[in-house]
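Below: the structure, in structure tokens.
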Amino acid sequence: MKLKNLESTQQDLLKKLQAIENDAELETFRLEYLSRQGLIAQLFEQLKTLDAQEKREVGPHLNDLKKEIQASFDRKKEELFTQTLERANQKKQNFDVTLSKKHRKGSLHPYTHLTNQIEDIFISMGFQIADGPELETEFFNFTGLNIPANHPAREDSDTFWINDKHLIRTQTSTVQIRMMQNLKPPMALIVPGRVMRNEATDASHDFMFMQLEGMLIAEKISVANLLATLQTFLTKLFEKDVKLRVRPGYFPFVEPGLEIDASCPFCNQGCSTCKKTGWIELLGAGIIHPEVLKHGGIDHTKYSGFAFGCGLTRLAMLKYGIPDIRLLHSSNLKFLQQFS
Ligand code: FA5
């Protein structure tokens with residue numbers, strides 16, 4: 001390139017710019033001609049080597065060339081940008097949402113399926129569905145449930161404490177006193193809900209899982225009412241005649257406290273689910289302790305009640321044959337799609 005040929009250089013570059021069709025070509029042009037190492041910069045370097053007279057002659061032409069090329073370059077850039085926008089708008093207008101045949105249908109989570117079913121069963125028995133906060137005070141999780149500060153039962157459940165007074169509930173039993181304070185006997189309710197415990201995770205334990213609490217308070221309520229309710233519930237849930245086995249259990253908020261096993265709904269003589277015993281450990285339950293009724297503002301001389309709490313997560317695993325608890329919170333599509 002010679003300084004003398006500025007006129008033809010300019011025409012040449014303008015032609016090149018005109019022929020450009022996309023951003024990549026435009027960038028190549030910029031690097032080649034307009035960048036610091038580009039041709040125009042080199043021409044300015046050459047200008048420095050000319051004598052004063054020549055500089056005066058050539059300088060203004062070179063400046064014009066630079067301005068002209070830069071201006072054309074900017075126009076081209078704008079033009080390409082507008083074209084890209086138009087193309088994108090066109091694409092949007094022509095987008096046909098019905099075209100894709102590969103769309104996936106969403107499905108309900110197994111917890112939702114199971115909770116819906118459980119709620120239907122209990123509603124048919126006259127229970128109502130209640131709810132409570134997951135962020136709780138220590139009163140509703142412990143003290144109100146007859147578990148004072150130095151009680152060893154506090155150590156049974158590893159708690160996620162938020163501060164001295166607040167925690168993430170470790171059991172849905174927190175809702176017992178809340179509901180006693182809000183409703184008047186006779187009352188019958190269930191609470192399906194999420195709880196958390198600061199525990200190591202394995203195939204059958206998670207730090208976050210679902211429980212199902214049940215509570216009925218009225219006059220003359222006994223263990224017989226509890227067992228009849230549970231047997232009806234489990235028989236409907238597993239669509240099989242379920243028998244119950246009762247063992248003594250300790251929970252400070254019930255007296256007597258019971259551990260209740262159900263006859264295995266999947267076999268007659270023993271299978272891997274019931275570990276060949278024919279029984280499945282299912283829930284804790286009992287007759288509500290008078291101290292707890294007092295905290296709930298219920299006259300314990302007139303009313304009595306039962307409460308039970310079972311692992312809704314465990315029920316889901318049993319009912320749907322889920323081998324590992326961690327699948328339930330895994331967002332694993334292959335797993336979830338089976339429940340559509
Ligand atoms: C309780 O939480 C009592 N609130 C139950 C209760 C209610 C008793 C009312 C009496 C009256 P427990 O800590 O045993 O009890 O837990 C109940 C169920 O939660 C267990 O049977 C088990 O199925 C489930 N569970 C406990 N820990 C875990 C865990 N880490 N992962 C999954 N499920 C769990």
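If you go through region 226-244 and pick out every residue that is in contact (Cβ under 8 Å) with a residue 40 or more places away in the chain and either touching an Asp or Glu at 6+ places or on another chain (Cβ under 7 Å) or open to solvent by less than 60 Å² (accessible area, probe 1.4 Å) (or both), you end up with 8. Only one of the numbered conditions (1) surrounded by 13 or more Cβ atoms within 10 Å (Cβ to Cβ); (2) without any contact (Cβ under 8 Å) to a residue 40 or more places away in the chain is violated by residue 13, and that is (2). Looking at the structure I just gave you, is residue 280 touching a residue at least 60 places away in the same chain (Cβ under 8 Å), in contact with a strand residue (DSSP E or B) (Cβ under 8 Å, 6 or more places away or on another chain) and within 14 Å of the ligand (Cβ to nearest atom)? In short, no. Candidates 280, 325, 260: the one that is of a type outside the set (Asp, Glu), surrounded by 20 or more Cβ atoms within 10 Å (Cβ to Cβ) and under 29 Å from residue 184 (Cβ atoms) is 260.
Among the residues of this structure, residue 176 counts as one that is touching a residue at least 40 places away in the same chain (Cβ under 8 Å) and either out of contact with any strand residue (DSSP E or B) (no Cβ under 8 Å at 6 or more places or on another chain) or within 30 Å of residue 326 (Cβ to Cβ) (or both). From the list 221, 217, 177, the one residue that fits, being in a strand (DSSP E or B) and more than 10 Å from the ligand (Cβ to nearest atom), is 217. Anything in region 138-154 that is out of contact with any strand residue (DSSP E or B) (no Cβ under 7 Å at 6 or more places or on another chain) and either buried (at least 18 other Cβ atoms within 10 Å of the Cβ) or of a type in the set (Phe, Trp, Tyr) (or both)? List them, or say none. Correct list: 139, 140, 142, 144, 145, 146, 147, 154. Taking every residue in region 124-149 that is in contact (Cβ under 8 Å) with a residue 60 or more places away in the chain and pairing it with any residue that is surrounded by fewer than 16 Cβ atoms within 10 Å (Cβ to Cβ) and among the aliphatic types (A, V, I, L, M), at least 6 positions away or on another chain, the pairs with Cβ-Cβ distances below 6 Å are 147/153.
Give all pairs with beta carbons closer than 8 Å in which a residue from region 323-340 that is without any contact (Cβ under 8 Å) to a residue 40 or more places away in the chain meets a residue that is open to solvent by less than 40 Å² (accessible area, probe 1.4 Å); count only pairs at least 6 apart in sequence or on separate chains. As it stands, the answer is 327/335, since those pairs meet every condition given.
Can you tell me which of 205, 166 is surrounded by fewer than 19 Cβ atoms within 10 Å (Cβ to Cβ) and within 11 Å of the ligand (Cβ to nearest atom)?
Answer to the selection: 205.
Number of residues in region 39-89 that are among the aromatic types (Phe, Trp, Tyr), closer than 17 Å to residue 21 by Cβ and open to solvent by less than 70 Å² (accessible area, probe 1.4 Å): the value is 1. Annotation note: Cβ proximity below 9 Å between a residue of region 16-45 that is closer than 20 Å to residue 82 by Cα and a residue that is open to solvent by less than 20 Å² (accessible area, probe 1.4 Å) and hydroxyl-bearing (Ser, Thr, Tyr) (sequence gap 6+ or interchain) occurs for 17/72; 18/72. A single entry from 247, 314 fulfils the requirement of being more than 20 Å from residue 116 (Cβ to Cβ), open to solvent by 20 Å² or more (accessible area, probe 1.4 Å) and either near the ligand (Cβ under 10 Å from one of its atoms) or not in a loop (DSSP other than H, G, I, E, B) (or both): 247. For region 245-265, a residue qualifies if it is modelled with pLDDT under 95, more than 23 Å from residue 170 (Cβ to Cβ) and in contact with a strand residue (DSSP E or B) (Cβ under 7 Å, 6 or more places away or on another chain), and the qualifying residues are 262, 263, 264. Looking at this structure, is residue 117 outside any loop (DSSP other than H, G, I, E, B) and under 30 Å from residue 209 (Cβ atoms)? In short, yes.
The values are calculated or read from the model by the stated rules, or taken from the named source; none is laboratory data. Just so we're clear, the structure is a prediction, and the values are computed from it rather than from any experiment. Ideal geometry is used to build each Cβ from the backbone, glycine not excepted, and the neighbour counts take in all protein chains shown. Protein only, heavy atoms only, side chains kept; ligands, DNA and RNA dropped before computing areas. Shrake-Rupley method; radii C 1.70, N 1.55, O 1.52, S 1.80 Å.
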